[in-house]
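A short reminder: the numbers here are calculations on the coordinates, not readings from a lab. Since the structure is predicted, the reported quantities are computational estimates derived from the model, not experimental observations. Note: ideal-geometry Cβ built from the backbone for every residue, glycine included; neighbour counts use all protein chains shown.
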Amino acid sequence: MSFLIRDARADDAPDVARLTRQLGYSPSLEHVTASLSRILVRPGERFAIADLDGQAVGWVHAVAADFVDVEPFVLIAGLVVDTGVRRLGVGRGLMTHVEEWARQQGCDVVRLTSSSTRAAAHRFYERIGYTNIKTQYSFAKRLDGASPTALHAFVPNVD
């Protein structure tokens, strides 16, 4: 299978939304369109698409981070490969693309988090050289007064 990895475009929003739903999230097309319009113009972020014959079959979003307690690193904000093409090198290609971008940003480390229920994803990351460095809790707080139940959008619906 031959696919190419390219920078995302605003008109990729429908495919990004479709693929994101495969992760167990439920973003609207309007939300994805608005988010992409902001992300694509930020110099410290990379959003790439795996393109197979004009069809988006995966995406990766990476963010350059600089914290006071560790060396600069790139954080994977999201990665998804279409269920129909998993285990065919698309995820590895997207991650290699981000790793090259990280080096261009002066970063020697790429970090990511993955929900505890995504065992297949954990095996994938380990196969491509990533090490599980810690287990942690994830906290969030609504600042608009909405009920904490509104935070459920941050938690994927995974089997």
remark   = Dividing the mean separation of Cα pairs under 8 Å (6+ apart) by the residue count of segment 65-122 yields a relative contact order in percent of 42
task = With a length cut of 18 Å (Cα positions projected on each helix's long axis) and a Kyte-Doolittle mean of at least -1.0, go through the chain and give me the DSSP H helices that pass.
result = 90-104
request  = Hey, can you grab everything whose amide H is under 5 Å from the amide H of residue 77? Only 5+ residues off in sequence or another chain; H modelled, so Pro and N-termini drop out.
outcome  = 61, 62, 63
inquiry  = At 222 nm, what value in deg cm²/dmol follows for the chain if DSSP H runs of at least 4 each add -39500 (n - 2.57) and the sum is divided by all its residues, to the nearest 500?
reply    = -8500 deg cm²/dmol
inquiry  = If I model a spin label as a point 7 Å beyond the Cα along the Cα-Cβ vector, how far apart are those points for residue 7 and residue 120 in nm?
reply    = 3.3
Tensor-based shape of segment 1-40 (alpha-carbon gyration tensor, a/c under 1.5 rounded, otherwise prolate or oblate) = oblate
task = On a C-alpha basis, how far is the centre of segment 5-31 from the centre of segment 98-131 in Å? Whole number, if you could?
result = 21
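Starting with the highest mean, order 11-20, 141-150, 81-90 by the number of other Cβ atoms within 10 Å, averaged over the residues of each peptide.
Details: 11-20: 18.1, 141-150: 8.0, 81-90: 15.7.
In decreasing order of mean packing, 11-20, 141-150, 81-90 become 11-20, 81-90, 141-150.
Using packing as a proxy for protection, rank 54-60, 105-111 so that the peptide with the highest average count of other Cβ atoms within 10 Å comes first.
Values: 54-60: 19.3, 105-111: 14.6.
Top of the packing list down: 54-60, 105-111.
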remark   = Using alpha-carbon positions, the gyration tensor of the chain gives root eigenvalues a ≥ b ≥ c; with a/c under 1.5 called rounded, otherwise prolate if a/b exceeds b/c, else oblate, the class is rounded
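Please compute the contact order of the chain in relative form: average sequence separation of alpha-carbon pairs under 8 Å and at least six residues apart, divided by the residue count, as a percent.
On the way: 212 pairs, mean separation 33.2, N = 159.
About 21 percent, as a whole number.
Expected output is a single nm value to one decimal: the length gained when fully extending between residue 34 and residue 104, i.e. 0.36 nm times separation in residues minus the C-alpha distance. What is it? Let's see the in-between values first.
Working: separation 70, 0.36 × 70 = 25.20 nm, distance 2.71 nm.
Taking 0.36 nm per residue and subtracting the Cα distance, the gain is 22.5 nm.
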